[in-house]
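Please treat every number below as a calculation from the coordinates, not as lab data. This is a predicted model, so every value here is computed, not measured. Positions of Cβ are backbone-derived with ideal geometry, glycine not excepted, and every protein chain shown enters the neighbour counts.
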Amino acid sequence: MARKPGSHTVQPGNFRVRSRAWQAMRSLRVFDLGQLMSVAEIERWNAAKFVRALSRTGYLREVAPANPARRVSATFRLVRDSGPRAPVVRQIGEVFDPNTGAVHRAAVMS
């Protein structure tokens, strides 16, 4: 049977790691990538991908930009805490929230 466009199978290992990252975001509220990696024990590529997806869909807001010259990463604030279950990033760039059942798409930049 063919899959619907954008559907995918959640890999249990990745899901557990992102669940830890989500719980870390909920407890820290304001964090940078290094803090998230340390608290959630998540690899940089995975943390960056999760943060980027949540930022584009309105879960996170950047409160301080990165400064590569000073080796400072961007700081983010959790602005949409919908509940204890981690949002699921889908391959087509949208985020499914299992707490509300809503699907959030990336904000259009103008």
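Summary table below
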read-out: Summed side-chain charge close to N46 - residues other than N46 whose Cβ falls under 13 Å, Lys, Arg +1, Asp, Glu -1; value: +4
read-out: Residue order, fewest to most beta carbons within 10 Å, for R70, R16; value: R70, R16
read-out: Gyration tensor (alpha-carbon) shape descriptor, the range 12-104, a/c threshold 1.5; value: prolate
read-out: Label point at R16 placed 7 Å out along Cα→Cβ; residues across the range 73-110 whose backbone nitrogen lies under 17 Å; value: 86
read-out: Residue-count net charge about A107 - beta-carbon cut-off 13 Å; Lys, Arg +1, Asp, Glu -1; value: +3
read-out: Residues listed by number, the range 77-100, amide nitrogen under 16 Å from R26 label point at 7 Å toward C-beta; value: 78-89, 96-100
